[in-house]
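Before any comments, here is the structure.
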Amino acid sequence: MTGTSGSGPHVVVVDDEPDARAMVGDYLRLHGFDVALCDGGRSLRAHLAGRTPDLIVLDLNMPEEDGLSIVRDLKARSRIPIIMLTATASPIDRVVGLELGADDYLPKPCELRELVARVRSVLRRAQSAPAPAKPQEQDAVEAPARRVRFGTKWLELDAVRLRDDQGVEQPLTRSEFDLLKAFADHPKRALSRERLLDLADARDPDAFDRAIDVRINRIRKKVEPDPANPRFIRTVRGLGYVFRPEGD
């Protein structure tokens, strides 16, 4: 693992290919980022033990440890934004990565100017997202919190979480929250897949709208009394989906 000091956001580049790792790192440094380079999951975790980055650029196809398992592990215990790099022609890795909570992806080899733009975009989104409430702050946050009922759960917009009537939190990825918020902002309106991608800020280079179908299925399992027969997030044949707050 190698790195440099700097005043910009701290970005960790994880790639087992030395040339690709160095190229991405050098370009990010030229644009003011403080960069550390890791050759796999082991060196990444060693780095995280001493310093928390603002963002991770992660290659999915590594022999030591699959990138998707790294995404799963990191998102289960942190909110560090992740941009995936993948050379695979199959879309399934991208879907799974997004569903695990990755914030964006680029095909590899990537256009470095676009990578910088996406790094900055993801960092802006991460900085604007409210932090989870600390235990001692929960009562103060919950009283004025904006809440929207989704079937069996409440979506708390300010706290960025999904909870049931007993207050038990339901794990939610950032992409799932963004999609639920899009529905909450547009109740009883049929929204196309493309519109949902735009509203949820989930647009990618391939207009990957089938990723929405995967997310909808996952969300339904969390909020619908009977996910196989959804009442609250309904399919609109030939168009997309509609949020029915009353389940009618």
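Summary table
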{"item": "Any hit, the stretch 88-98, residues being touching a Ser or Thr at 6+ places or on another chain (Cβ under 8 Å) and of a type in the set (Lys, Arg)", "result": "yes"}
{"item": "Failed item, numbered, when residue 23 is tested on (1) part of a loop (DSSP other than H, G, I, E, B); (2) open to solvent by 40 Å² or more (accessible area, probe 1.4 Å)", "result": "(1)"}
{"item": "Hey, residue 16 open to solvent by less than 70 Å² (accessible area, probe 1.4 Å), modelled with pLDDT of 85 or more, farther than 24 Å from residue 178 by Cβ and under 17 Å from the mean Cα position of the chain (by Cα) or not", "result": "no"}
{"item": "Residues satisfying the stated conditions in the stretch 150-170, i.e. charged (D, E, K, R), in a strand (DSSP E or B) and open to solvent by 20 Å² or more (accessible area, probe 1.4 Å)", "result": "153, 163, 169"}
{"item": "Filter pass, residue 128 being surrounded by fewer than 17 Cβ atoms within 10 Å (Cβ to Cβ), over 24 Å from residue 222 (Cα atoms), polar (S, T, N, Q) and at pLDDT 85 or above", "result": "no"}
{"item": "Residues within the stretch 62-79 that are open to solvent by 40 Å² or more (accessible area, probe 1.4 Å) and without any contact (Cβ under 8 Å) to a residue 40 or more places away in the chain, tallied", "result": "6"}
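The values are calculated or read from the model by the stated rules, or taken from the named source; none is laboratory data. The model shown is predicted, which means the values in this text are computed figures rather than measured ones. Cβ coordinates were reconstructed from backbone atoms using ideal geometry, including for glycine residues, and neighbour counts include every protein chain displayed. Just the protein is used for accessible areas: all its heavy atoms, side chains included, with ligands, DNA and RNA removed. Shrake-Rupley method; radii C 1.70, N 1.55, O 1.52, S 1.80 Å.
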